[in-house]
Amino acid sequence: MTLHLSEASPHQVEADAVVIGVTKESGGAIPVPGTKDVDEALGGSLAQTLATLGATGEAGEITKIPSAGRLAAPLIAAVGMGAPAGGGDATFDPEVLRRAAGAAVRALLAGRRDGTADLRIALALPARDHAEVGAVALGALLGGYAFRRYRTEPAPGASLTVLAHASDAARAAQRAQVLADAVSLVRDLVNTGPSDLVPAMLAARAGQVAAYAGLAITILDESALAAGGYGGILGVGQGSVHPPRLIRLEHAPEGAARTLVLAGKGITFDSGGLSLKPAKSMETMKSDMSGAAAVLGAMQAIAALRLPVRVVGYLPAAENMPGGAAQRPSDVLTIFGGTTVEVTNTDAEGRLVLADALAASAADSPDIVIDVATLTGAQVVALGPLVGAVMANDDGLRDAVVDAARRAGESMWPMPLPPEMGKSLESPVADLVNLPADSRAGGMLIAGLFLQEFVPDGVRWAHLDIAGPAFNESGPHGYTPKGGTGSATRTLVQIAQDMADGRL
């Protein structure tokens, strides 16, 4: 998918379809600022045509209008943007624009099976400044995503043109392309069948990304993990014929004064181990490496954007299987650094691999550590499938991460880490248990408290639980497809940007 910028008028741009925006008003769908050119080309009949076709302006609604030769493009696609936040020429929230652009591109590509020629789509949505241009471009690129690895038919292509007059439009579009490439990488990894993405394969893909992006990379195999004392990763992975890996990536620009560590859970398939999941619960467990994928995608984007901050990414990767060598409930593991953990439930495995990564990050002397994981079903129960959770050992960092997610266009919600709940992690035989006997109450918070035990002393840390938003099991919406979403990728990049800018 290609992205272009143009200052052409919507009625003159050479395209197969022109996308315009409409808002939801009491009288029906009302064209947004910037559609005057199209309205004039139609002889002032745009509003009446929308009303005749029953357009409401509801967010994501698509109304297709033949141009009857009055525009260079044969088709007008009016996309609903919901109720306006302000009147007149008020700027639009970037997320509203992202979703509108994504919904329009997705709808125009839907059902298109001819992969021999790109569909030329011009977007005449509001793009009057850097923020609006970037939002429209990113939404359009993400909305056009399709996972085609296992399809026999060729993928439909699209040539996207954002109609913009902003002075810094090119810079905004370039950043949107970088972010879209990163999110698409994450979606591809999450959607890949687990037999095609065992830990060694994920490590190989990370190596390709590192070579392309100019990142330093170190990969520890099972022998190196054993020699280094990474008991959590080894314990989780020992039941599989596909041994685990620990992948470390580093972006180290000259002169960078601060260090950010990112760690992502990389369970390439989670059967639950001997604490076996029900069959239905395994159907989406190829997505249990979404956190690691998000870190890999973010590292690619951070390098491409040349952010002046040192960023280290850890991807602890393992396949959690119930083989004859699998860890057993009541086994005791020794995490990197020496802390012992009694494994009471082998399906609480993500926290074990992350514990190794968090403990190992002390060697990087980080200023901030962020981990991201599809960690608990309790997160989905608490916040549903669209909103991630943020926990931290510092309230200011927690709130800053939530704000970074908002500005990146991702929904995150602050959650507490009540210290009194930490008592439930006490073990009669080891330093900690990985899952308390009564894990139903506050399971998301207890998992966060467990991880907190492995954060380097004195380092600010935040934990992102994305069990819900990482994988979309319902229908596509806005720029979000069914399947892997790329959740948290843009938030991690924004956090790195905020550190570079001195906001964190």
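The values are calculated or read from the model by the stated rules, or taken from the named source; none is laboratory data. The model shown is predicted, which means the values in this text are computed figures rather than measured ones. Neighbour counts are summed over all protein chains in view; Cβ atoms, including those assigned to glycine, are modelled from backbone coordinates with ideal geometry. For accessibility, only protein heavy atoms count, side chains too; no ligands or nucleic acids. Shrake-Rupley method; radii C 1.70, N 1.55, O 1.52, S 1.80 Å.
Numerical summary
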| read-out | value |
| --- | --- |
| Mean Cβ count within 10 Å, highest first, over the residues of peptides 311-319, 356-364 | 311-319, 356-364 |
| Rg [Å, one decimal], Dmax [Å, integer] - the chain, C-alpha atoms | 23.9, 80 |
| Proximal lysines relative to Lys36, as straight alpha-carbon distance under 20 Å, when same-chain residues fewer than 8 apart are discounted | Lys24, Lys64 |
| Cα gyration tensor shape of region 434-483, rounded if a/c is under 1.5, else prolate or oblate by comparing a/b with b/c | oblate |
| Rounded tilt (10° steps) of 395-408 against the dominant C-alpha axis of the chain | 40 degrees |
| Sum of side-chain charges, Glu95 neighbourhood, beta-carbon under 15 Å (Lys, Arg +1; Asp, Glu -1) | +1 |
| Carbon/sulfur fraction of accessible area - region 377-498, other protein chains in place, 1.4 Å, % | 53 percent |
| Rounded to 10°, Cα long-axis angle of helix 290-305 versus longest principal axis of the chain | 60 degrees |
| Net charge of neighbours whose Cβ lies under 11 Å from the Cβ of Gly377, counting Lys and Arg as +1 and Asp and Glu as -1 | 0 |
| Nearby lysines by direct alpha-carbon distance to Lys277 (threshold 24 angstrom, same-chain neighbours under 8 apart not counted) | Lys265, Lys286, Lys482 |
| Percent RCO, i.e. relative contact order, over region 1-141, from Cα pairs under 8 Å lying at least 6 residues apart | 31 percent |
| Local net charge near Asp356, Cβ-Cβ under 15 Å (Lys/Arg +1, Asp/Glu -1) | -3 |
| Between region 206-246 and region 332-375, the Cα center-to-center distance that results, in Å | 14 Å |
| Nearest-0.05 FRET efficiency for Arg503 and Arg306, computed from C-beta distance (R0 22 Å) | 0.80 |
| Two-decimal ratio, region 57-164, of alpha-carbon radius of gyration to 2.2 N^0.38 Å | 1.11 |
| Relative intensity, log₁₀ I(q)/I(0), of region 352-504 from a Debye sum that treats every alpha carbon as a point, q = 0.14, 0.15, 0.21 Å⁻¹ | -0.69, -0.79, -1.40 |
| Rounded percent of accessible protein surface that carbon and sulfur make up, region 55-193, 1.4 Å probe | 51 percent |
| Extended-chain gain in nm, criterion 0.36 nm per residue less alpha-carbon gap, Gln48 and Ala117 | 21.5 nm |
| Å² per residue, accessible surface of the chain at 1.4 Å | 39 Å² |
| Computed lengthening from Tyr212 to Lys64, 0.36 nm per intervening residue step minus Cα-Cα distance | 49.2 nm |
| Globularity ratio of region 415-460, using Cα Rg and 2.2 N^0.38 Å | 1.14 |
| Ellipticity estimate at 222 nm from DSSP helix runs (n ≥ 4, -39,500 (n - 2.57)) divided over the chain, nearest 500 | -10500 deg cm²/dmol |
| With Cα atoms, 0 to 90° folded angle of helix 199-213 axis to the chain main axis | 50 degrees |
| Rounded to 5, the percent of DSSP beta bridges in region 36-174 classed as antiparallel | 50 percent |
| Antiparallel bridges, percent of DSSP beta bridges restricted to the chain (to nearest 5) | 40 percent |
